[in-house]
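Input: a single structure, listed below in structure tokens.
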Amino acid sequence: MNIPTDLNSYVRVLKFATTPEWEEFSRVALIAGAGVFLVGMLGFFMFVIMSYLPGGL
């Protein structure tokens, strides 16, 4: 592991990185939020189903 070479490559990547525009950021945030919501609802429905089955918690 060559630390100076690694740091140079990290700096090179950061120079190319840009801040996203508001439209791109809001679209990514909306999609990520929808994914979190769907996974949460799936877990909730699994919990409800398992609660009503015999031997559930």
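Throughout, read-outs are computed from the coordinates displayed, never taken from laboratory work. Since the model is a prediction, treat every value here as computed from it, not as a measurement. Neighbour counts are summed over all protein chains in view; Cβ atoms, including those assigned to glycine, are modelled from backbone coordinates with ideal geometry.
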Which residue is surrounded by the most Cβ atoms within 10 Å (Cβ to Cβ), if the candidates are limited to the range 21-57 and must be in a helix (DSSP H, G or I) and among the charged types (D, E, K, R)? Arg27
May I ask you to list pairs of residues, at least six apart or on different chains, whose Cβ atoms are under 8 Å apart, with the first in the range 39-55 being of a type in the set (A, V, I, L, M) and the second being surrounded by 10 or more Cβ atoms within 10 Å (Cβ to Cβ)? Met50/Gly56
